[in-house]
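Please treat every number below as a calculation from the coordinates, not as lab data. These numbers come from a predicted model, not from an experiment. Every residue, glycine as well, gets a Cβ built from its backbone with ideal geometry; the counts of neighbours run over all protein chains shown.
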Amino acid sequence: MRTTKSHHFTSALAAGGGACLLAVTLAAGTPALAEGTDAPQASTQQEAQPQLPTIEDTWSGTWNETTRQVVNHPKFGELEIRTYFLGTPPTDTSLAQGAVGYAVYQNGRAVGFSQDNGTSSVPLTDGQPDSVTAVNFADTNVDREGNVYFTSGASVVVLRPTDDGYTANQTLPNDVNELFTDALELNINEDGVASIVAIDENGVAQKYTMKGGHFSVTPA
């Protein structure tokens, strides 16, 4: 098993809207520009990305930051995702337990925050060896569709890009009808395809493969 940890990940799907660099080449024999005429300038500035509304950052300084990374959102371009943990006393036990959450930042501004409602979650990780779930990333924890994957104990958390930033969509620990509570494997292959092997509500191992923003299910 090989895991890779990086503090700057780029999604396999680059955000649209970047202006192409216009190369201007003067072929041999092209007449010289008249004196005082400005030469054509290549456009190197990317189009401005849409801006999400700023929200108040009420968690920094109270919650403990556990990971951070820059991802490429299909609509908003570069966003930063930071994961957080708020321990439940006593915090001197061998296994830290509490609440987990994640925040989204755009150009240093807080634009989103979400947390679970539990007191027994363990900190989110981005594929570190201490994950209970077997993790295998060929490159990063971002798949080719821009979904970002974390683990918390035996749970897998999937952040999906939306028109408002990112959503965990019932994958945070202790969420109602939480998905992937008993995950055995989390894989992202060299093509950027993500799959999760998890035990379903009937105790059967199933393989969930991400395609087109949804998971298809097949027997593991």
Within the stretch 172-190, the residues whose backbone N lies under 14 Å from a label point placed 7 Å from the Cα of Gln206 along the Cα-to-Cβ direction are 177-184
List the residues, sorted by chain then number, that are 5 or more residues from Gln97 or on another chain and whose placed amide H is less than 5 Å from its amide H. Thr88
Tell me the label-point distance for the pair Asn189, Ser60, using the 7 Å Cα-to-Cβ offset, in nm and rounded to one decimal. 4.1
Compute the signed sum of charges (Lys and Arg +1, Asp and Glu -1) over the other residues within less than 15 Å, Cβ to Cβ, of Asn174. -4
For Val111, distant residues with modelled amide H under 5 Å away: Ile55, Val104, Tyr105, Gln106
Amide H neighbours of Val157 under 5 Å, at least 5 residues apart or on other chains, H built in the peptide plane: list them. Phe150, Thr151, Ser152
Would you work out the relative contact order for the stretch 64-219, in percent, from Cα pairs under 8 angstrom that are 6 or more residues apart? 15
For Glu65, what is the net charge nearby, where nearby means another residue's Cβ is under 13 Å from its Cβ and Lys, Arg count +1, Asp, Glu -1? -1
Ranked packing of 137-148, 209-220, most packed first, by mean Cβ within 10 Å: 137-148, 209-220
